[in-house]
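Some notes on the structure that comes next.
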Amino acid sequence: MSGNSQSTPRVAAIVGPYLSGKTSLMESLLFVAGALPRKGSVKEGNTVGDASMEAKARQMSVEASLATCEYQGEAWTLIDCPGSVEFRQEAVHAVMAADIAVVVCDPDPARALMAAPALKFLDDHKIPHVLFINKMEAPGSAGKLKDVLNALQVVSERPLVLVEVPIREGDQITGYVDLISEHAYKYEAGKDADLVQLPDSVLPEEQEARQILLEKLADFDDHLMEELLSDLVPPQEEVSEDLAKDVREDLLVPVYFGSADKDSGVRRLFQALCDEAPRVETTAARLGIPEGKDTLVQGLQDRPCPACRQAEHLPRVARRGGRWQLPGRQPR
Ligand SMILES: Nc1nc2c(ncn2[C@@H]2O[C@H](COP(=O)(O)OP(=O)(O)OP(=O)(O)O)[C@@H](O)[C@H]2O)c(=O)[nH]1
Ligand SMILES: [Mg+2]
């Protein structure tokens, strides 16, 4: 590994409440990235995460699981963290080393609130994060989206902001409108979502949610604020760059949704990670690692990857500092 930002994988830690679907989401992310020939399921006990005998026996994650893949030409290390409070320390170590955290929540507002400790930890440590509301294929979930956001906003210091709105047929979600591009997409099983015409029925919700997104972004960008006050439509590039900058600086938290079971919304989430996650230099600065020429290796685990059955996978090698340092532990 050369240790520069181009060849150093970025690291996303998948965290959140017990049973919200983190292991299933990592499986889906690996699957849409083409890293798995066949997608496993938690029910069948054949996922990349939860590969240990103990995890299978207890039917829950008991330790952090690492996997690597590439998406859109970008290298990634994903860390599936256990949600149970018994194993909280595993998630703490993972998010401290990660460039970004994905907080996975349930679409039920009461259950989603169990994400409060994770959100507080990420806020307190200024760790960039995005929210993924999972299990949205369940009938009626789209109607609860605003309630989930309102409930979580109470426990999140950072503003939570929807970056997409659902397209519904009856009580099912069939696609989404991207609030940055204002393009509408229909979910397609096993492939990229199809670009479709934005349905008239979604337009009022789309315009309201986009206005909220733009106003939240303008809170951190005077130029965008001036455009909004002058009733100018900001260019798409400006909006997406503003969003990425605000996520990297942990000023706000974008909210995505979908279903790990059905792989819906998962490609959009992965694209967002590619667009918005900081690179290793930014994370090194966040961790207070001094700039230098020597090599610093951050390692979480070093063991065969269950996905590809090959040798060890370190999250990254960065050119900083000059000595081994594990986040949360003493340098040695
Ligand atoms: N309906 C539905 N069920 C899901 C989805 N994702 C996960 N599940 C189910 O939720 C349960 C928990 O899934 P996991 O992926 O193990 O959840 P987890 O967050 O990794 O659990 P812990 O690591 O033990 O906290 C399983 O029964 C999954 O089948 C989804 O998108 N839709
Ligand atoms: Mg799990």
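What follows draws every value from the coordinates through simple rules; no lab data is involved. For clarity, every value in this text was computed on a predicted model and none was experimentally measured. Note: ideal-geometry Cβ built from the backbone for every residue, glycine included; neighbour counts use all protein chains shown.
Obtain the radius of gyration and the Kirkwood radius of the chain from its C-alpha atoms and give Rg over Rh.
Values: Rg = 19.3 Å, Rh = 20.2 Å.
Dividing the radius of gyration by the Kirkwood radius yields 0.96.
Here the spin labels are modelled as points 7 Å beyond Cα on the Cα-Cβ line, and at residue 116 and residue 281 they lie 4.0 nm apart. In terms of other Cβ atoms within 10 Å, 270, 87 run from fewest to most in the order 87, 270. Calculate, in whole percent, how much of the Cα-Cα pair population of the stretch 2-133 lies beyond 17 Å. The proportion of pairs with Cα distances above 17 Å equals 57 percent. Quick one: go through the stretch 251-295 and flag any residue whose amide nitrogen is under 20 Å from the point 7 Å out along the Cα-to-Cβ line of residue 189. Under cut-off, by backbone N: 258-268. Among residues other than residue 276 with Cβ under 13 Å from its Cβ, the summed charge is -3 (Lys and Arg +1, Asp and Glu -1).
Cross-link check: pairs 144/262; 135/191; 135/245; 56/186; 126/245; 22/43 evaluated at a Cα-Cα cut-off of 25 Å; pairs beyond the cut-off: 135/245; 56/186. Among 183, 223, 93, 129, sorting on how many other beta-carbon atoms sit within 10 Å of each Cβ, with the fewest leading, yields 223, 183, 93, 129.
Would you order 78, 119 from fewest to most other beta-carbon atoms within 10 Å of each residue's own beta-carbon? Intermediate values should be presented prior to the final figure.
Values: 78 31, 119 25.
If I rank by nearby Cβ atoms, fewest first, I get 119, 78.
The packing ranking, built from the mean of other Cβ atoms within 10 Å per residue, places the peptides 248-259, 198-209 in the order 248-259, 198-209, highest first.
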